[in-house]
Amino acid sequence: MKLTKEFTSLEKSAVKLTVTIGKKEVEDAYKSTLSKYVKSAQIPGFRKGHVPASVLERKYGESIKADTISELIDESFKQIFDEETDNKPLPYAQPVMENAPDMDVTKDLTYTVTYDVFPKVSVKDFSGISYKEPQVTISDADIQDELKNMQERNAMVVEKKDGTVAKNDIVTINYCELDDNGNKIEGTDREDFVFTVGSGENIYKIDDEIIGMKKDETKSITKKYKKDDPDEELAGKTKNISVTIKAVKIRDLPALDDDFAQDCNEKYKTLADLKADIKRNMETAVSRRIKELKNNDILSQLIEKNKFDIPASMLDMELKGRWDMMAQQFQTTPEQLDKMIAASGQTKEAMLKEWTGDSEKMLKSRIIVDSLIRDRNISVTPEEVEAQYAVIAEQGGMSVEEVKKHYEDPRSKEYLIDDTKENKLFEQIYSEIKISKGEKKTFKELFENR
């Protein structure tokens with residue numbers, strides 16, 4: 001097909017394509033469509049395949065023209081994008097035609113469509129990109145904290161002998177609000193509410209007020225809340241609450257000894273073995289976290305240095321994916337999630353707007369990484385995949401065979417290969433930018449605000 005094409009770049013990584021098809025092509029296409037109508041038309045008074053073309057044109061003229069236009073556009077699209085390497089439409093957004101073209105077999109046919117294309121970005125300049133890497137030392141206190149957490153996870157919860165409430169006890173309470181006359185306010189009562197004293201995980205934040213109470217004791221508590229209390233329902237108010245202690249329990253912590261280590265995992269023979277493994281796992285976690293922070297910071301700088309737009313359809317698809325994932329987490333459908341959010345006083349539109357900034361940054365980061373991998377021709381050899389299996393096995397305390405079994409699925413293996421390519425890319429980037437020692441941080445500080 002003889003045609004001319006013109007691409008015009010628009011905002012938000014969109015393109016306007018103007019196509020002009022020569023009148024000879026238009027005339028031939030019209031004749032071809034009309035011929036198909038002649039062969040298939042069935043009209044009373046005429047044998048099938050013998051209806052005069054003039055009759056069909058009078059009766060179905062507009063349909064014949066519409067079918068011709070459709071075939072010309074489809075054929076021209078296929079031809080253009082079989083030849084075109086750039087400016088291809090994104091797969092999840094259909095091109096939009098501004099105005100339907102007029103059909104005149106004596107003239108050229110011109111139509112215009114707009115559509116989103118993959119953003120064009122070429123990252124060449126790394127000057128000025130730097131990162132201060134936090135300096136983290138794992139202390140004995142960090143290891144002891146993790147041991148304490150393991151103790152608590154393996155603790156037995158038992159009734160407290162004296163039944164007196166103290167901090168860190170697990171209590172079961174009944175409660176309700178009282179009016180000025182000491183009568184229960186309907187709808188405020190709750191039975192068998194369980195929480196840990198000192199956690200603040202109760203509506204009225206009465207942890208301190210129930211300390212010293214005993215099992216089966218009932219107490220009326222009057223509590224004033226500060227004007228700047230984070231809970232708007234409580235801020236600046238005074239509440240009268242009736243509380244009854246139904247049960248008081250404590251965690252019976254196991255002793256930190258060799259038996260405890262063996263109970264955690266049979267691979268540990270002594271408590272020293274467990275401590276060594278905790279430290280090794282912490283070191284791995286620190287290494288991963290520093291790498292995550294470093295990569296994210298580098299990408300943020302590259303995004304700032306290399307401005308480009310995210311196509312609207314790409315952002316919409318990303319936000320839809322996040323919404324669908326949230327629905328899966330709530331074990332419901334996207335439609336039901338919309339209703340749940342509305343019932344809570346929020347809107348889907350407001351939530352998507354709130355997510356937009358992070359989603360745009362994530363998409364830009366992914367595009368920059370993919371662009372750099374492609375431009376640098378980064379690939380992965382079978383030997384490098386084997387080496388990655390060994391790293392994963394060591395970090396996860398598994399055998400290489402177990403790791404390989406996990407990546408037997410082609411999609412999982414492809415993910416591993418992509419991850420390995422990305423690791424190779426960042427190793428190259430580290431050598432091209434300035435990385436210096438940053439501030440000292442504790443293990444806990446490194447993982448704050450995740």
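The simple spin-label model puts a point 7 Å past each Cα toward its Cβ; for residue 139 and residue 375 those points are separated by 4.4 nm.
Across the range 38-192 the C-alpha pair distances fall into 10 Å bins from zero in the proportions 7, 14, 12, 10, 8, 9, 12, 12, 11, 4, 0 percent.
Within the straight-line cut-off of under 19 Å between alpha carbons, the aspartates and glutamates reachable from residue 339 are 324, 349, 354, sequence neighbours fewer than 8 places apart in one chain being disregarded. Where a ≥ b ≥ c are the square roots of the eigenvalues of the C-alpha gyration tensor, would you call the range 18-86 rounded, which needs a/c under 1.5, or, failing that, prolate if a/b is larger than b/c, or oblate? Verdict is prolate for the range 18-86. Let a ≥ b ≥ c be the square roots of the eigenvalues of the Cα gyration tensor of the range 327-368; is it rounded (a/c under 1.5), or, if not, prolate (a/b larger than b/c) or oblate? Oblate shape, in that a/c is at least 1.5 and b/c is the bigger or equal ratio. Give the relative contact order (percent, whole number) for the range 169-305; include only Cα pairs under 8 Å separated by 6+ residues. Worked out over the range 169-305, it gives 22 percent. In this structure, residue 217 and residue 253 have a Cβ-Cβ separation that, at R0 = 35 Å, corresponds to a calculated FRET efficiency of about 0.85.
Ligands, DNA and RNA excluded, the heavy atoms of residue 369 present near 10 Å² of accessible surface to a 1.4 Å solvent probe. Between residue 276 and residue 88, the contour length at 0.36 nm per residue exceeds the alpha carbon distance by 62.2 nm.
Given a Förster radius of 45 Å and the C-beta distance between residue 288 and residue 191 as r, what FRET efficiency does 1/(1 + (r/R0)^6) yield to the nearest 0.05? With R0 = 45 Å, the Cβ-Cβ based efficiency is 0.50. Using a probe of 1.4 Å on the protein chains alone, the accessible area found for residue 103 is around 30 Å². Among the chymotrypsin sites (Phe, Trp or Tyr not before Pro) in the range 16-123, those located in a DSSP loop and surrounded by at most 12 other Cβ atoms within 10 Å of their own Cβ are 92. Take the Cβ-Cβ distance between residue 12 and residue 78 as r, set R0 to 25 Å, and report the resulting FRET efficiency rounded to the nearest 0.05. Between residue 12 and residue 78 the formula returns 0.45.
Calculated [222 nm] ellipticity per residue, helices only, for the chain: -16000 deg cm²/dmol; basis is -39500 (n - 2.57) per DSSP H run with n ≥ 4, divided by all residues, nearest 500. Viscosity 1.002 mPa s, temperature 20 °C: give me the Stokes-Einstein translational D for the chain in µm²/s, with Rh taken as the Kirkwood radius over C-alpha pairs. My calculation gives 71 µm²/s for D. Only Lys, Arg, Asp and Glu carry charge here, each on its Cβ (+1 for the first two, -1 for the last two); on that basis the chain has a dipole of about 1020 debye about its Cα centre.
Annotation: per residue accessible area for the chain equals 63 Å², rounded to a whole number [probe 1.4 Å, protein chains only].
When the charge dipole of the range 72-151 is built from unit charges on Cβ atoms (+1 for Lys and Arg, -1 for Asp and Glu) and taken about the Cα centre, the candidate among 91, 144, 79 whose Cα reaches farthest toward its positive end is 144. Per-atom-type breakdown for the chain gives carbon and sulfur 47% of the accessible area (1.4 Å probe, protein chains only). Computed from label points 7 Å out along Cα-Cβ, the spacing between residue 235 and residue 440 is 4.0 nm.
The values are calculated or read from the model by the stated rules, or taken from the named source; none is laboratory data. The structure displayed is predicted, hence computed values, not measured ones. Glycine also receives a Cβ, built like all others from the backbone with ideal geometry; neighbour counts cover every protein chain displayed. The accessibility values were calculated without ligands, DNA or RNA, using every heavy atom of the protein model including side chains. Shrake-Rupley method; radii C 1.70, N 1.55, O 1.52, S 1.80 Å.
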